[in-house]
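Just so you know, all these numbers are worked out from the coordinates, no wet-lab data involved. Note that the structure is a prediction, hence the values are computed from the model and not measured. Virtual Cβ from ideal backbone geometry, glycine too; neighbours counted across all protein chains shown.
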Amino acid sequence: MNKTLIYAHRGASKLAPENTMPAFELAAAAGAEGIETDVQLTKDNVPVLIHDENLRRTTNGKGFVQDYTYDQLRLLDAGSWFSSKFSNVGIISLDEFLQWFQKQAMVLNIELKTNVIEYKNIERIVYEALKRHQVLDRTVISSFNSNSIIRMHEINPAVRTAFLTSTKRRDLVEYAKSLGANDLHIKHRLLDKKLVKQCHRANMDLRIYTVNRPNMMKKCYKLKVDGIFTDVPYEALEYRGLHDK
Ligand code: G3P
Ligand code: MG
């Protein structure tokens, strides 16, 4: 059992606008071992990094990601909502991100945002991008949508996947296994010792989101979960250092 890996959730999203290059660069600078990011598809089928289906919250645009081409989305300001310091920051494509990520000594979690809109072919499109950039061997692909997990394994059974959930159910580990998922990603309130044991017995990694509070970080380290997703990777690293002593 290795140490709990720290994934920067949407990048170092407490310090910079989520899912943008500054947030990813700050995560790398902080020493996070991994990055988690969310993928949606544009009207012209370009995978882009943005959490919401709608542009309203994190850009100066209106309406849905899927109704705009990538060239249209690139013109939007995806930073000012966070701070005027980031007014020149835009939405990036998965390809742009991977060009940078490829050179980082980090692991990756791509979350397919298919729980609200089931973007046609998103699994294939994302798979091809990861393959092209040769990062499949250090990527886990997750989704709240079971169909995305199944479809990903139909494309290539060797891809590492994780079923993502915030819903408590007794047979969670069995259910995730039945989908073919390799790992389980859960909301922090579902975490208990029993689940950690069940996952490890089933040879699955267990990762927890979103872990921003010191008490929850400590609980995760104590229970030896495999990874946490945090908006504050620098703090999580510091607490992990203290815990290891
Ligand atoms: O992948 C973990 C976590 O990001 C799932 O929830 O809403 O933050 O994408 P959300
Ligand atoms: Mg996410």
Selection from ALA158, HIS243, ALA181, by position along the positive dipole direction of the stretch 109-245 (Cβ): HIS243
Starting from the Cα of LYS193, move 7 Å in the Cα-to-Cβ direction to define the label point; list residues of the stretch 205-228 whose amide nitrogen is under 11 Å from there. 223
Roughly what % of DSSP beta bridges within the stretch 5-244 run antiparallel, to the nearest 5? 15 percent
The long-range amide H neighbours of SER142, using H built 1.01 Å from N in the peptide plane and a cut-off of under 5 Å, are ILE110, GLU111, LEU112, ALA162
Candidates ASP192, ASP171, ASP44, ranked by Gaussian network fluctuation over the chain, Cα under 10 Å, top entry: ASP171
Mind checking which of ASN115, ASN203, GLN102 is farthest towards the positive end of the stretch 94-223's charge dipole, using Cβ charges of +1 (Lys, Arg) and -1 (Asp, Glu) about the Cα centre? ASN203
Here FRET efficiency (C-beta to C-beta, LEU75 to GLN134, R₀ 35 Å, nearest 0.05) is 0.70
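To make sure I understand, if each residue's beta carbon is the centre and we count other beta carbons within 10 Å, what order do LEU94, LEU184 fall in, fewest to most?
Values: LEU94 22, LEU184 27.
Lowest to highest Cβ neighbour count: LEU94, LEU184.
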Set Lys and Arg Cβ to +1 and Asp and Glu Cβ to -1, take the dipole of the stretch 5-244 about its Cα centre, and tell me which of LEU41, ALA16, ASN60 lies farthest positive. ALA16
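Would you work out the charge dipole size for the chain about its Cα centre, treating the Cβ of every Lys and Arg as +1 and the Cβ of every Asp and Glu as -1, and quote it to the nearest 20 debye? Let's see the in-between values first.
On the way: 36 positive and 29 negative charges, 229 e Å.
So the dipole magnitude of the chain works out to roughly 1100 debye.
As a footprinting exposure proxy, order LYS194, LYS3 by other Cβ within 10 Å, with the fewest listed first. Please list the in-between numbers first.
On the way: LYS194 9, LYS3 13.
With the fewest neighbours first, LYS194, LYS3 line up as LYS194, LYS3.
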Can you list the lysines whose alpha carbon sits under 23 Å from that of LYS194, skipping same-chain ones fewer than 8 residues off? LYS3, LYS168, LYS177, LYS218, LYS219, LYS222, LYS224
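Rounded to the nearest 20 debye, what is the charge dipole size of the stretch 1-94 about its Cα centre when +1 sits on each Lys and Arg Cβ and -1 on each Asp and Glu Cβ? Don't skip to the end; give the middle numbers.
Numbers: 9 positive and 11 negative charges, 52 e Å.
My answer is approximately 240 debye.
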May I ask for the Rg/Rh ratio of the chain, computed from Cα atoms with Rh as the Kirkwood radius, given to two decimals? 0.95
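Only counting other Cβ atoms within 10 Å, I'd like PHE101, PHE144 sorted with the fewest neighbours first.
Details: PHE101 21, PHE144 18.
Sorted ascending by nearby Cβ count, the order is PHE144, PHE101.
Which order do the peptides 227-238, 64-75 take when ranked by the mean count of other beta-carbon atoms within 10 Å per residue, highest first? All intermediate terms of the calculation are to be shown ahead of the outcome.
Values: 227-238: 23.2, 64-75: 16.5.
Going from most to least packed, we get 227-238, 64-75.
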Sequence order, the stretch 217-226: Karplus ³J(HN,Hα) from phi using 6.51 cos²θ - 1.76 cosθ + 1.60, θ = phi - 60°, Hz rounded, Gly and Pro as x, gives 4, 4, 4, 4, 5, 5, 7, 6, 5, 7
Work out from phi, with θ = phi - 60° and the Karplus expression 6.51 cos²θ - 1.76 cosθ + 1.60, the ³J(HN,Hα) of each residue of the stretch 151-168, listed in order in whole Hz, and give x for Gly and Pro. 5, 4, 6, 5, 5, 7, x, 7, 5, 7, 10, 9, 7, 10, 7, 10, 9, 6
Would you look at the GNM of the chain, springs on alpha carbons closer than 10 Å, and say which of GLY11, GLY63, GLY79 moves the most? GLY63
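Could you give the length gained by full extension between GLU96 and ASP171, i.e. 0.36 nm per residue of separation minus their alpha carbon distance, to one decimal place? Present the calculation step by step, with values, prior to reporting the outcome.
Values: separation 75, 0.36 × 75 = 27.00 nm, distance 3.88 nm.
Between GLU96 and ASP171, full extension yields an extra 23.1 nm.
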